[in-house]
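Read through the structure below, which is laid out as structure tokens, and then see the notes.
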Amino acid sequence: MKPITNLIQLFVTVGIALFASETAVFAASDVHKEIGYVVSSWEDTPSKQGLLPIAFKESLVAAAHASYSENSAGNHRAMKTHVGHVRHAIDPTLEAGGPGMGYGLLKAIRGAIEHMALASELSSASEAVKTHSVHVLSALNNALERTNLALIEADAIMAASNADDALPHAVEMAKLTKAAFAGVDANGDGKISWEKGEGGLQVADKHMGYILDAEGLKR
């Protein structure tokens with residue numbers, strides 16, 4: 001069995017900076033409003049938090065329970081229990097109960113993509129917004145793709161006839177949910193970029209920070 005304490009601690013530590021952005025104060029321009037929906041407040045999220053902070057929190061739950069499932073090797077029932085929690089964190093319409101925000105990682109990522117795309121397309125968008133929106137959107141799309149693939153692995157675990165058959169899917173699900181959050185160094189250059197196949201939510205947040213700084217917006 002693999003220890004998951006370090007993994008969870010990593011997620012919690014790197015998430016702290018993003019959660020602080022929920023108290024941001026934004027100017028009234030349309031571009032800044034769209035940015036605000038992503039990092040500060042959106043109308044239908046729990047406590048009206050920003051879409052990206054919600055995505056972070058749901059991602060933490062999905063990754064943690066994917067690791068729990070992987071580490072339940074030999075116990076198919078336990079594996080499936082944690083798969084249910086992963087599915088709930090990713091999309092609560094698929095699994096009604098479980099830990100998490102009850103909003104869904106997929107919905108949060110898709111909302112963030114929508115509003116960052118709108119911000120970058122407005123005529124009043126600055127060069128900084130246009131440039132870094134490309135980076136944010138690429139990283140968000142990486143996270144979206146990996147999350148959808150993780151759901152496929154989750155379904156395979158539920159459909160497996162025994163724990164041995166389910167284990168390879170649990171390993172892959174854990175890998176994908178972790179990558180959706182932290183990204184991967186796909187080209188082996190020692191860093192995780194925003195490019196396709198690399199960065200995830202953590203990189204998206206990094207480039208949102210560049211936008212906030214360039215626009216003079218407070219975290």
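The values are calculated or read from the model by the stated rules, or taken from the named source; none is laboratory data. Values in this document were obtained by computation on a predicted structure and should not be read as measured data. For neighbour counting, all protein chains shown are included, and Cβ atoms are generated from backbone atoms with ideal geometry for every residue, glycine included. Areas reflect the complete protein model, heavy atoms only, side chains present, ligands, DNA and RNA absent. Shrake-Rupley method; radii C 1.70, N 1.55, O 1.52, S 1.80 Å.
For this structure, a couple of remarks:
- Within the range 40-54, one or more residues are among the acidic types (Asp, Glu) and not in a helix (DSSP H, G or I).
- Test: residue in the range 106-124 that is part of a loop (DSSP other than H, G, I, E, B), touching a residue at least 12 places away in the same chain (Cβ under 8 Å), surrounded by fewer than 24 Cβ atoms within 10 Å (Cβ to Cβ) and not β-branched (Val, Ile, Thr): yes
- Applying the criterion of being surrounded by fewer than 24 Cβ atoms within 10 Å (Cβ to Cβ) and of a type in the set (Val, Ile, Thr) to the residues of the range 35-74, the residue that is farthest from Phe181 (Cα to Cα) is Thr45.
- When each of Ala182, Ala159 is tested for being open to solvent by less than 60 Å² (accessible area, probe 1.4 Å), modelled with pLDDT of 95 or more and not β-branched (Val, Ile, Thr), the lone residue that passes is Ala182.
- Candidate set from the range 125-143 (those that are among the β-branched types (Val, Ile, Thr) and open to solvent by less than 20 Å² (accessible area, probe 1.4 Å)); member that is farthest from the chain's Cα centre (by Cα): Val129
- Under the condition of being charged (D, E, K, R) and not in a loop (DSSP other than H, G, I, E, B), the residues counted in the range 67-105 number 4.
- Test: residue in the range 148-155 that is open to solvent by less than 30 Å² (accessible area, probe 1.4 Å) and either more than 21 Å from Leu201 (Cβ to Cβ) or of a type in the set (Ser, Thr, Tyr) (or both): no
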